[in-house]
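S.K.: I'd like to ask some things about the structure below.
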Amino acid sequence: MTTRVARDRVTGTPFTRGLGIVTIAGIVWLVIFGLFVTPADVNQGETVRIMYAHVPGAWLAYLAFIVTALSSAMYLWRRTRSLTWDRIAGASAEIGVLFMGISLVTGSLWGRLTWGTFWTWDARLTTTAFLFVTYIGYLAVRNLGGTHHQRARRSAVLALLAVLEIPLVHFSVEIWNSLHQEASVAGNTDVTMDGLMLFTLFLGVIVFTLMYVWMLLHRQRALTLEDMLDDTGLDRALAARRTEAGVS
Amino acid sequence: MKDAGFIIASYVVTFASIGLFSFAVLRRSRSAARDIRPEDRPWS
Amino acid sequence: MLRTAKTIAAKDLRIELRSRVIANQVIPFAALVMILFAFALDSDAVLERVAPGLVWLATIFSVLFIVARSFALETTDGALEALRAAGVDPMGIFLGKTLALATQLIALEAVLVGASVVLYRADVSASGGVLLVTTAILATVGLASVGTLYGGLAAGAKGRETLLPLLLLPVVAPVLIGATRATESAFGTNGIDVSEGWPWLGLLAVFAVLFSVVGAVAFGPLVDD
Amino acid sequence: MTDVPAELRSGRFDHVVDVRDVVVVLGAFPALAGASLTVDRGEIVLLSGPNGAGKTTLLRACAGLVPIERGRASVLGLDVSTERDAVRRHVGLIGHHNGLYSDLSVAENVRFWGSTVGASSAEIATAMQRMGLDGRLSDLPVARLSAGQRRRTALASLVARRASLWLLDEPHAGLDAEGRDELDSVLRAAAAAGATIMVASHELERAGSLATRHVRVVAGQVVPVSGGAA
């Protein structure tokens, strides 16, 4: 029985299972509504359908980075120095980098169709690209090694520094951009959303948020297992060293 | 009909990467769990 | 704390005075980059237009080398660890190393501005000169602070040569933007008036203050394991 | 980890070094696997044992340089984990690295380390003199010194910053015979004046004659020496 449990739901619980089923149903619903049920936009035409995948993805990336910052702060603030906060921060940053990468790709596909260009140096886009690189750096620092608590403190400080950096980058790019006044990309991209389109967008945000919670729980537990694995390895090595000492 | 290709591509990119990531997480935790007793897991 | 900072800064500058690694290697490198830009862009008109940006781009690349050198001093014979082991105030270490770094950067920037006057025909008026000096000071404080902060984090790590640019370059983007725009006004590039440069200094000042204060607080936890 | 008894904090303590069941993990390797040791004021304790047994890690644990995973260690009544900065100011560790700047001269290095605690120039001159570094040698850059002369410069730096617990990892390595005698007499004088010294060494003959007590470190634990040497 125990082996079955170990095989079947390692990082899962009844809660995450239920959540997973709801999420998958939501994804199916979202895809059907996004691709087929909603009407084409007056200005953007069919292109607007990318938005139902893009906007929730971008929202999620920002949410994930906010969670990273908050749990890093919690790690440093709480006297217990609980590694759970650190693992939540790490797991959330990984998911954030994933979704930011996805939304950069979907965003540039959308941009190519609407603006005729994959990329524009608009403040929001540029900040997003910087955010992406910054958190790749954050993940690199998490893998530097050392003890769990060394990793936790280093990366927590770094995550808080990133929070500081982002508004500065955004602000500077914004005023840098405002000077250029190059005919800002194609004029007529305003979306006039009808009820069904708005509903689908909200549905996307909700479905993606559920998906985020599911991924975060699993990733956080996987990190816990990996950390525990280091520790059980330690117990065994400790026992081995003690016997060694007894023998000599 | 270039639009359709782009639209479908963006959906595929989104859900394929999410699927791959989730799959990798589950597989890594499964291999990590081999040496840990289920009753030691704080969430079960 | 200030005594520690003074001691550390004096030590770093004395080492540079003896070894002349920055003077004989990094500054020539930066000047070389300016010359290579001229080959690549190949037109006086273009060069004149982009000269301010090139000065700061060359500075930021050189910062990577100066920071790496600054922490190589500390790690080759375990001096940084010895400082930690002696309970020396990390805030003092941070301020001292930042101060030494800033001094070296100012010398580098002077050379680069000189090079852009000679190579790219940049033109500085008296009022532009005041703006330029203020810009250089504020940008330098910011660059030296983040450089020391992330340099310390990367110092002991494996793969520090590649980690440092990955961490540092995204952070210094505001300095690059602000300093470039201010320098454009100081040079009068594209007929921009000197007075248009001053607002950019606000950005540089915010960056400098923010990262020198935060750096002083965060340096200890980042370096100390 | 956080509940240090009040009487230890106030400066009244039983032992200068008090290490209890300490586990230190480097990577995934338990470099110390439950080590216990007490050292009193004025002692010169020799730590011997095979390579990789944990001698260096034990010294680094006493200096608050490695995180203690389990167990507790205190130095001068200060907890090594929670009052690390205070511990460090009283401890001088010389390991495989000397912590010197090779572009600076001997005098500049010693002065630098002395000035981190605000030592006077008289103190610094004395420190160099006691390590035989006065005269011509003092103006040479460290890069041009022999290994033995560098070690003496590091020791002089330690004297200059007034450390009261000295943790020396293989201090005799690389010193010539004269330098070793000098080193031993300096260490004895320092111990007599109230410093506490722990020496990790392979060279039992040399370090054994210096030490007032001898313990072995084996497989990450401290074991008494059979036969009770010195």
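Here, each number is a calculation from the coordinates, and none is a lab measurement. For clarity, every value in this text was computed on a predicted model and none was experimentally measured. Note that each Cβ is placed from the backbone with ideal geometry, even for glycine, and that neighbours are counted across all protein chains shown.
S.K.: Over 10 Å intervals from 0, what percent of Cα-Cα pairs in the range D:112-230 sits in each interval?
M.R.: That works out to 12, 42, 31, 12, 3, in percent per bin.
S.K.: Here's another thing I want to ask about it. In Å, what is the Rg of the alpha-carbon atoms in chain C, and how long is Dmax?
M.R.: Answer for chain C, Rg first and Dmax second: 17.7, 56 Å.
S.K.: Further, regarding this structure: Looking at chain D only, what percent of DSSP beta bridges run antiparallel? Nearest 5 please.
M.R.: Around 55 percent of the beta bridges assigned by DSSP in chain D are antiparallel ones.
S.K.: Please report Rg over Rh for the range C:137-221, where both radii come from the alpha carbon positions and Rh follows the Kirkwood definition.
M.R.: 1.09
S.K.: Taking the range A:66-183 as the region of interest, what is the percent of Cα-Cα pairs per 10 angstrom bin, listed from the shortest bin to the one with the maximum distance?
M.R.: 13, 37, 28, 16, 6, 0
S.K.: Dividing the alpha-carbon radius of gyration of the range C:59-174 by 2.2 N^0.38 Å (N being the number of residues), what value is obtained?
M.R.: Against the empirical 2.2 N^0.38 Å value, I get 1.20 for the range C:59-174.
S.K.: Rounded to whole Hz and in sequence order, give me ³J(HN,Hα) for the range A:130-145 from the Karplus expression 6.51 cos²θ - 1.76 cosθ + 1.60, θ = phi - 60°, writing x for Gly and Pro.
M.R.: For the range A:130-145, the Karplus curve yields 5, 4, 4, 5, 4, 6, 5, x, 4, 5, 4, 5, 4, 9, 5, x Hz.
S.K.: Along the Cα→Cβ direction, 7 angstrom out, place labels at D:Val223 and D:Glu203. What is the inter-label distance in nm?
M.R.: 2.6
S.K.: How tilted is helix C:126-155 with respect to the longest principal axis of chain C? Cα atoms for both, answer in degrees (0 to 90, nearest 10).
M.R.: Compared with the principal axis, the helix lies near 30 degrees.
S.K.: Amide H of D:Val222: which non-local residues (sequence gap of 5 or more, or other chain) have their own amide H closer than 5 Å, using H built in the peptide plane?
M.R.: D:Ser36
S.K.: What is the gain in length, in nm to one decimal, between C:Leu119 and C:Val213 on full extension, counting 0.36 nm per residue of separation less the C-alpha to C-alpha distance?
M.R.: 30.1 nm
S.K.: So if we plug the beta-carbon distance of C:Ala40 and B:Leu20 into 1/(1 + (r/R0)^6) with R0 = 41 Å, what FRET efficiency do we get, rounded to 0.05?
M.R.: 0.55
S.K.: Can you give the average number of partner chain beta-carbon atoms within 10 Å of each beta-carbon in peptide A:136-145, as a whole number?
M.R.: Going residue by residue through A:136-145 and averaging, the value is 4.
S.K.: Taking every eigenvalue of the Cα gyration tensor of the protein assembly as shown, multiplying by 5 and rooting it, what semi-axes result, largest first, whole Å?
M.R.: The three semi-axes for the protein assembly as shown are 53, 39, 18 Å.
S.K.: Just to check I understand the Karplus step: with θ = phi - 60° and J = 6.51 cos²θ - 1.76 cosθ + 1.60, what whole-Hz values come out for the range A:220-230, glycine and proline as x?
M.R.: 4, 5, 4, 5, 4, 4, 5, 5, 5, 4, 4
S.K.: Quick one: Karplus J couplings for the range A:80-87, per residue in order, coefficients 6.51, -1.76, 1.60, θ = phi - 60°, nearest Hz, x for Gly and Pro?
M.R.: 3J(HN,Hα) across the range A:80-87, in whole Hz: 5, 6, 6, 5, 4, 4, 5, 5.
S.K.: Before rounding to the nearest 500, sum -39500 (n - 2.57) across all DSSP H runs of length at least 4 in chain C and divide by the residue total; then give [θ] at 222 nm in deg cm²/dmol.
M.R.: One gets -29000 deg cm²/dmol as the mean residue ellipticity at 222 nm.
S.K.: Sticking with this structure for a sec: Could you tell me the distance between the Cα centroids of the range A:16-50 and the range C:173-225, to the nearest Å?
M.R.: About 44 Å separates the Cα centre of the range A:16-50 from the one of the range C:173-225.
S.K.: For D:Arg41, enumerate residues with amide H under 5 Å from its amide H, sequence gap 5+ or separate chain, H modeled in the peptide plane.
M.R.: D:Val16
S.K.: How large is the charge dipole for the protein assembly as shown, taken about the Cα centre, if only the Cβ atoms of Lys, Arg (+1) and Asp, Glu (-1) carry charge, to the nearest 20 debye?
M.R.: With Lys and Arg at +1 and Asp and Glu at -1, about 1780 debye.
S.K.: Let me ask something else. Top mean-square fluctuation among C:Gly159, C:Gly53, C:Gly92, Gaussian network model of chain C, C-alpha springs under 10 Å?
M.R.: Largest GNM mean-square fluctuation: C:Gly159.
S.K.: Further question: What aspartates and glutamates does C:Lys6 reach when the alpha-carbon gap must be under 18 Å and sequence neighbours fewer than 8 apart in one chain are set aside?
M.R.: C:Glu16, C:Glu74, C:Asp89, D:Glu108
S.K.: Need one number: nm distance between label points at A:Arg17 and B:Asp35, each 7 Å from Cα along Cα→Cβ, rounded to one decimal.
M.R.: Computed distance between label sites A:Arg17 and B:Asp35 equals 2.9 nm.
S.K.: Amide H to amide H, which residues 5 or more places from D:Ala73 or on other chains are under 5 Å from it, using H placed in the peptide plane?
M.R.: Hits under the 5 Å cutoff: D:Arg20, D:Val80, D:Ser81.
S.K.: Using a Gaussian network model of chain A whose springs link C-alpha atoms within less than 10 Å, name the residue from A:Ala237, A:Ala91, A:Ala40 with the highest mean-square fluctuation.
M.R.: Maximum among the listed residues: A:Ala237.
S.K.: Fewest first, what order do A:Tyr52, A:Tyr62, A:Tyr212 take by the number of other Cβ atoms within 10 Å?
M.R.: A:Tyr62, A:Tyr212, A:Tyr52
S.K.: Along the positive direction of the dipole of chain D (beta-carbon charges: Lys, Arg +1; Asp, Glu -1; about the Cα centre), which of D:Ile68, D:Ala191, D:Val218 reaches farthest?
M.R.: D:Ile68
S.K.: Same structure again: Would you mind listing how long chain D runs along its three principal axes, going by Cα atoms, in whole Å with the largest first?
M.R.: 49, 38, 36
S.K.: Rounded to whole Å and sorted largest first, what semi-axes of the equivalent ellipsoid does the C-alpha gyration tensor of the range D:46-134 yield via the square root of 5 times each eigenvalue?
M.R.: 29, 17, 11
S.K.: Take peptide A:50-60, look around each residue's Cβ out to 10 angstrom, count Cβ atoms belonging to other protein chains, and average those counts.
M.R.: Per-residue shielding by partner chains comes out at 3.
S.K.: If neighbour count is taken as other Cβ atoms inside 10 Å, put D:Lys55, C:Lys6 in order from fewest to most.
M.R.: C:Lys6, D:Lys55
S.K.: What list do you get for C:Trp200, A:Trp119 if you sort them by fewest beta carbons within 10 Å?
M.R.: A:Trp119, C:Trp200
S.K.: Using only Cα atoms and rounding to the nearest 10 degrees, what angle (0 to 90) does helix A:51-77 make with the longest principal axis of chain A?
M.R.: Taking the Cα atoms of chain A, the angle to A:51-77 is about 40 degrees.
S.K.: Separate question: Quick check on the protein assembly as shown: of the DSSP beta bridges with both residues there, what percent are antiparallel, nearest 5%?
M.R.: Given both bridge residues lie in the protein assembly as shown, the antiparallel proportion sits at roughly 55 percent.
S.K.: One quarter of the convex hull surface, Cα atoms only: what value does that give for chain A in nm²?
M.R.: The orientation-averaged projected area of the Cα hull of chain A comes to 18.5 nm².
S.K.: Taking Cα atoms, how many degrees apart are the long axis of helix D:177-192 and the longest axis of chain D, rounded to 10 and kept between 0 and 90?
M.R.: Between helix and principal axis, roughly 60 degrees.
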